[in-house]
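Engineer: Below: one structure in structure tokens.
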Amino acid sequence: MSNPKVKSAALFQVQWLAKIALWVALVAAASLLVAIFWVTDDQGATYGSVIVGRSLTQQKLAPVMVLFGLLVVCVAAATTWLIALYSSHRIAGPMFRFAENVKAIHHDAFATPLAIRQTDMLQRQWQEFDAAQRHLREHYGALRDALVTCQQSVSAPGTAGDWAAALAKLQEVERRVHL
């Protein structure tokens, strides 16, 4: 089963990426238009008449095209870098949280895990991790309760039946570990 929140987050990402790509394309188109208008001379000649005249075009066209080409490449590179940075944080963030949760569980089996953000990737893995951690907490709780019962049975005089029941409960908890 897929989570509708994850689907809407993925759709938002695609829409966001499309908007950024559109803006980069518009900046590139505007830059090239500015370059074309900059190449025309001051007497109001059109780009076509400048091409025919060739003298001004040959002098300015190559540097202008290189300059605006580099500008477009820089804008596209910066945009790509920002998207990559944002996307990597959506994966690195949950991985950091997973690592912190494992450290916390290592120190205290009953520690409550830090949840990941709803917009982060790895939602399914988080749900599985959370369920596994919850089962582990329940297992430790059952084991602790069984040990307390055993200790009470051992310390109480003349309760051999209680001792056998407590030992059976401990064995049942231990069997769940091997399943």
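Engineer: Condition first: in contact (Cβ under 8 Å) with a residue 24 or more places away in the chain, open to solvent by 50 Å² or more (accessible area, probe 1.4 Å) and either in contact with a helix residue (DSSP H, G or I) (Cβ under 9 Å, 6 or more places away or on another chain) or over 30 Å from ALA18 (Cα atoms) (or both). Can you find one or more residues in region 149-156 that meet it?
Structural biologist: No: zero hits.
Engineer: Condition first: aliphatic (A, V, I, L, M) and modelled with pLDDT under 80. Now tell me which residues in region 103-145 satisfy that.
Structural biologist: Across region 103-145, the qualifying residue is only ALA109.
Engineer: Mind telling me which of the residues LEU33, LEU67 ends up being open to solvent by 90 Å² or more (accessible area, probe 1.4 Å), at pLDDT 75 or above, touching a helix residue (DSSP H, G or I) at 6+ places or on another chain (Cβ under 8 Å) and not polar (S, T, N, Q)?
Structural biologist: One residue alone meets the criteria, LEU67.
Engineer: Please verify whether ALA84 is surrounded by 11 or more Cβ atoms within 10 Å (Cβ to Cβ), modelled with pLDDT of 70 or more and at negative phi, treating the condition exactly as stated. Before the answer, list the steps.
Structural biologist: Working: surrounded by 11 or more Cβ atoms within 10 Å (Cβ to Cβ): no; modelled with pLDDT of 70 or more: yes; at negative phi: yes.
For ALA84, the condition - surrounded by 11 or more Cβ atoms within 10 Å (Cβ to Cβ), modelled with pLDDT of 70 or more and at negative phi - is not met.
The values are calculated or read from the model by the stated rules, or taken from the named source; none is laboratory data. Note that the structure is a prediction, hence the values are computed from the model and not measured. Cβ coordinates were reconstructed from backbone atoms using ideal geometry, including for glycine residues, and neighbour counts include every protein chain displayed. When the accessible area is computed, the model is the full protein with side chains, heavy atoms only, and any ligands, DNA or RNA have been set aside. Shrake-Rupley method; radii C 1.70, N 1.55, O 1.52, S 1.80 Å.
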